[in-house]
1. Check 71, 119 and return the single one that is within 14 Å of the ligand (Cβ to nearest atom) and in contact with a helix residue (DSSP H, G or I) (Cβ under 9 Å, 6 or more places away or on another chain).
2. Residues that are within 24 Å of residue 159 (Cβ to Cβ), open to solvent by 30 Å² or more (accessible area, probe 1.4 Å) and of a type outside the set (A, V, I, L, M): does the stretch 45-54 have at least one?
3. Hey, could you check the stretch 76-89 for residues that are open to solvent by less than 30 Å² (accessible area, probe 1.4 Å) and within 12 Å of the ligand (Cβ to nearest atom) and say which is farthest from residue 23 (Cα to Cα)?
Amino acid sequence: MVYKEGDGLLTEKFDNLVKQLRVLPGVGQKTAQRMALHLLNGKRPQGSALAQALDIAMHGIIECQQCHSFSDDEVCPICLDPRRDDSVLCVVETAADVMAIEQSAGYRGRYFVLGGHLSPLDGINADDLNIDQLVNRVKATPVEELILATSTTVEGQTTAHFISEAVRRHVGKVTRIAQGIPMGGELEYLDSMTLSQALQNRS
Ligand SMILES: [Zn+2]
């Protein structure tokens, strides 16, 4: 195919690189062009390493058989770690939530990733999430406490309620992550819902 002037920016290969970079969230045309030029101008080895890392990750990262988070092997390092507390299971929507909680460094129990939240309007029902697998997980390996750490959106709350009903008979205690005032937050700027939750859930 002959690359005609006016088809794109520089060359067909350059335009394709820009197009692929735009797949990333928050990356528009200008940013993608800047990234492509940055790699081409003196960062080609790093660009090749990036391409290789992407290829390895896209083909090599799979779902952990136990917690359904991301994993390089059948079972992820968190599920394999003998120092984690087996008696507590934290249920989250996505692998990104596992990362966020791990980075906060305060939790030492196990995880379970649902793969999203219930959203009937978008066609996401219980069968589309790992809810059956969660029930089987707590039946097979009893836990003392199951922490529902889904979002505080309407969908997240609905999902938490649904799971609570589904697992109640099989776990010692079902808890919900606390909702309230963020660290450094000033009361006068909080929405009334958050403030009312914080007053109800005081410690
Ligand atoms: Zn796992």
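The values are calculated or read from the model by the stated rules, or taken from the named source; none is laboratory data. In this text the structure is predicted, and so the values were computed from the model without any measurement. Cβ coordinates were reconstructed from backbone atoms using ideal geometry, including for glycine residues, and neighbour counts include every protein chain displayed. The area values use the complete protein model at the heavy-atom level, side chains included, leaving out ligands, DNA and RNA. Shrake-Rupley method; radii C 1.70, N 1.55, O 1.52, S 1.80 Å.
1. After ruling out the rest, the residue left standing is 71.
2. No, there is no match, as no residue in the stretch 45-54 is within 24 Å of residue 159 (Cβ to Cβ), open to solvent by 30 Å² or more (accessible area, probe 1.4 Å) and of a type outside the set (A, V, I, L, M).
3. 84
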